[in-house]
Each structure stands twice: as C-alpha cells, then as structure tokens.
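Here's the structure, in structure tokens; my notes come after.
The values are calculated or read from the model by the stated rules, or taken from the named source; none is laboratory data. Note that the structure is predicted; figures quoted are calculated from it, not measured. Surface areas here come from the heavy atoms of the whole protein model, side chains and all, with no ligands, DNA or RNA. Shrake-Rupley method; radii C 1.70, N 1.55, O 1.52, S 1.80 Å.
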Amino acid sequence: DGIRPRARSLYQHHLLLLVEGGGERERTMNFAGGNSMNMPNEDQVMHQVKAELATAYAQEFYNTVRDKCFKACVTSPSSSLSSSERTCLERCVDRYVDATQVVSQSAIKALQGNTLS
C-alpha cells in the first residue's frame, strides 16, 4: 500500500519539525520520584507539550486526508480498490502532503522571522 508509507513519513516529518523546534534534539523525560529535584523544568514541559500537539496534529491530518480522499475517490466501497480508485487516492494524498509541506514551511519561516526580530 503506497499511501500509508507516504502519509506516515509526512507525520514523522511534522513531528520532527514541531518537536525539535528548529534543531533542538529530542530528549527523554523522567518524572519518577517525589522530590523537587525530579520535577520537570520549563524546557521539558514545553518539549512534552510540543510532542503532544504534534501527535494531535498528525492524527487530525490523517483523519482529514482519509475522509476527504476516500469521499472523492471511492465511489462504491468494496473489499478492494480498483486501479482508478487507487490512483485517485495516491494523487489525493500527494496533493495534501505537498500542500501541507508548503504551508508548514511557510509557517516555520514566519515563526523564525518573528523570533529573530
């Protein structure tokens, strides 16, 4: 199935962009223990929030693409896809992936421009 790997790689790309925040390396967090020495610092909390937002974004993207492309391409659902349905779905997913990458890159550039100012 050529659709899922492409969409999955897009999710991973967006997760990296959102979680890494322009170069910050991914860190693991350990909240075990009860004393204040083990409490997360502000960076760790922000990292966790970014990761959760990225996961929610990826799930929303997947649901939107799945629903819209299925509606546009699958005229009569059955146990398998026809060749034309498969081609339509692949093109539909590619359009969403490409559009999302353009929007994401523009947003990142705009955010980076605002933080440099």
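Values as computed for the structure displayed
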| item | result |
| --- | --- |
| Principal axis dimensions, segment 36-117 - Cα atoms, whole angstrom, descending | 58, 34, 14 |
| Residue-level accessible surface for VAL102, protein heavy atoms, 1.4 Å, Å² | 90 |
| Accessible surface ranking that places the most exposed of THR100, THR87 first, with a 1.4 angstrom probe | THR87, THR100 |
| Segment TYR62-SER104, extension gain: residue separation times 0.36 nm, minus the distance between their alpha carbons | 13.6 nm |
| Nearest-10 value in Å² for the accessible area of ASP43, using the 1.4 Å probe | 90 |
